[in-house]
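Take a look at the structure set out below.
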Amino acid sequence: MWSILELLLTLLGCLFIVKYLKIKWAARSLPPGPTPLPVIGNLWTLRFGLRPDTLRQLVKLYGNIYTLWLGHTPLVMLNGCRTVRDALVSHSEELSGRPVASFMKDISNGRGIGVTNGHTWKQQRRFGLMTLRNLGLGKLGLESRIWEEAQSLVESFAAENGKPMDPSYIIIHAVANVMSAVVFGHRFSIDDLTFQKLVACNNTLLESMSSKWGIMYDAFPWLMRHIPGPHQEAFVKKEYIENVIRKEIRIHQENRSPEEPQDVIDHYLAQIIKTKSEPGSTFDEANMIQVVIDFFSAGTETTATTMQWALLYMVAYPDVQEKVQKELDSVLEGSQLVYYEDRKRLPYTNAVIHEIQRYGNIAAVGVPRCSTKNVTLNGFSLEKDTMILPNLDSVLHDPQHWETPNQFSPNHFLDKEGNFLMNEAFLPFSAGHRVCLGEQLARIELLLFFTSLLRAFSFQLPQGVTEVNLKYVFKMTLVPHPYKICAIRR
């Protein structure tokens with residue numbers, strides 16, 4: 001007679017075999033890739049994370065399109081400029097979906113812009129684009145508010161009096177205040193405890209999505225929803241953020257002027273009233289809260305991380321910093337204000353900012369998409385609801401489009417005469433129907449923050465520090481290791 005333990009082990013072994021055979025059967029029509037293990041798929045190979053260095057090695061083995069398995073769920077990876085652009089631009093509509101079961105989906109309760117699909121996504125995204133335009137994106141109104149925050153950032157740096165400082169805290173809160181102005185209509189004092197906790201919760205929330213626990217959640221959502229672990233803390237942080245937004249909504253409801261909406265919440269409240277009698281309207285308070293979170297979270301993390309890389313690269317490449325400052329001094333002369341339109345007169349500075357985004361590569365692999373219908377990519381026929389991930393890192397480092405892809409060089413964006421030159425492989429904001437909603441806002445912030453700081457300060461390493469660590473820390477975005485620099489008044 002078999003013991004209960006032997007029976008359980010036999011049943012478990014049979015389950016593994018069945019799962020493995022199901023994966024092998026499903027893989028017949030998918031692009032090739034590393035052999036998955038039963039139950040966990042390729043999670044062990046990936047070290048439970050989609051790290052750029054690991055994915056680069058897989059390209060060498062399997063080509064520009066291959067399949068990874070997150071548990072029993074296939075993930076088709078797209079690599080290289082040609083493959084990614086063909087997918088995101090030529091098949092934009094077919095690849096406009098988001099996976100229906102994921103950590104991000106559960107965190108957002110299936111609402112907002114970032115992870116929704118179909119009718120809800122189209123309505124919410126259209127609202128987001130319209131609201132940014134109405135708030136003055138691309139006009140001097142919103143730009144002047146960004147410039148004011150840039151000047152506050154300069155004052156915060158100046159207060160350090162050239163002493164060694166970690167700029168990350170100041171930068172994150174400056175960028176968060178820009179997004180606060182967009183969504184709430186006002187900025188916070190950097191000493192405001194609610195604001196500090198809001199930013200901290202947002203950071204924790206984003207970090208949890210790219211953690212090993214987050215990857216496990218994407219692979220086994222049915223299991224991870226019910227077991228304890230660090231991933232559950234993300235839902236606690238999300239609740240705090242929601243409560244802050246609810247308080248802001250109540251204040252807006254009491255004090256707003258319907259004829260003069262000032263921010264995202266004002267516009268959304270007006271949209272709820274406008275569409276309340278329309279069948280199929282998705283405009284309600286639950287979606288409004290998530291839209292505000294989408295704006296605040298994505299807008300803060302990406303721009304703040306890019307600025308942290310920007311200052312680190314300036315101390316790592318002092319010759320580049322000096323050339324930027326010479327151009328700013330000669331072109332802008334005594335002018336105090338810098339406008340986004342000035343980028344056309346600052347080709348070298350513009351090239352440096354683009355190279356910071358390319359080389360810093362903060363979004364790395366981007367956000368997974370899902371095919372909304374059957375689609376053929378690189379000769380492979382993929383069924384509807386296949387999860388697909390455009391590897392943006394592979395585009396920003398494609399040797400066929402960048403002369404020295406693994407070196408920091410502003411010349412990647414300059415022609416022989418020194419004029420700014422765009423490269424089709426520059427896709428840090430992704431492309432197609434799911435292109436980053438706040439792309440232009442981020443571009444304006446980067447130019448105004450970067451030029452304001454470089455005009456005011458020369459950045460250098462603290463005395464005694466001779467090396468710069470340019471390796472990344474793998475989180476939701478690729479962030480620099482903690483560092484200190486000195487901001488010396490010019």
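Data table
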{"quantity": "Selection within segment 442-471 - in contact with a Phe, Trp or Tyr (Cβ under 9 Å, 6 or more places away or on another chain), not in a loop (DSSP other than H, G, I, E, B) and not polar (S, T, N, Q)", "calculated": "A442, R443, I444, L447, L448, L453, A456, F457"}
{"quantity": "Helices (runs of 4 or more DSSP H) contained entirely in segment 102-218, each with at least 1 residues that are hydroxyl-bearing (S, T, Y) and touching a Ser or Thr at 6+ places or on another chain (Cβ under 6 Å)", "calculated": "118-134"}
{"quantity": "Lone qualifier among R51, R56 - being basic (K, R), touching a residue at least 24 places away in the same chain (Cβ under 8 Å), on the phi < 0 side of the Ramachandran plot and in contact with a strand residue (DSSP E or B) (Cβ under 9 Å, 6 or more places away or on another chain)", "calculated": "R51"}
{"quantity": "Residues of segment 152-172 satisfying the condition of being surrounded by 14 or more Cβ atoms within 10 Å (Cβ to Cβ) and more than 18 Å from L312 (Cα to Cα)", "calculated": "S152"}
{"quantity": "Residue match in segment 325-333 (condition: closer than 23 Å to A150 by Cβ and not in a helix (DSSP H, G or I))", "calculated": "yes"}
{"quantity": "Among the candidates E239, E254, E278, residue that is among the acidic types (D, E), outside any helix (DSSP H, G or I) and more than 30 Å from G41 (Cα to Cα)", "calculated": "E278"}
{"quantity": "Search result, residues across segment 297-348 that are among the β-branched types (V, I, T), touching a residue at least 60 places away in the same chain (Cβ under 8 Å) and open to solvent by 30 Å² or more (accessible area, probe 1.4 Å)", "calculated": "T302"}
{"quantity": "Conditions (1) in contact with a helix residue (DSSP H, G or I) (Cβ under 7 Å, 6 or more places away or on another chain); (2) in a helix (DSSP H, G or I); (3) over 21 Å from H186 (Cα atoms); (4) touching a residue at least 40 places away in the same chain (Cβ under 8 Å): number failed by Y268", "calculated": "(3)"}
{"quantity": "Matching residues, segment 1-59, being among the polar types (S, T, N, Q) and at pLDDT below 85", "calculated": "S3, T10, S29"}
{"quantity": "Considering residues of segment 393-419 that are of a type in the set (S, T, Y) and under 22 Å from V468 (Cα atoms) only, the residue surrounded by the fewest Cβ atoms within 10 Å (Cβ to Cβ)", "calculated": "T404"}
{"quantity": "Test: F283 is among the aromatic types (F, W, Y), out of contact with any Gly (no Cβ under 7 Å at 6 or more places or on another chain) and closer than 25 Å to N177 by Cα", "calculated": "no"}
{"quantity": "Test result for Y268, at pLDDT below 90 and not basic (K, R)", "calculated": "no"}
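The values are calculated or read from the model by the stated rules, or taken from the named source; none is laboratory data. Worth saying up front: this structure is predicted, and the values here are computed from it rather than measured. Heads up, the Cβs are rebuilt from the backbone with ideal geometry, glycines too, and the neighbour counts pull from every protein chain shown. For the accessible areas, the whole protein counts, side chains as well, though only heavy atoms, and no ligand, DNA or RNA atoms are used. Shrake-Rupley method; radii C 1.70, N 1.55, O 1.52, S 1.80 Å.
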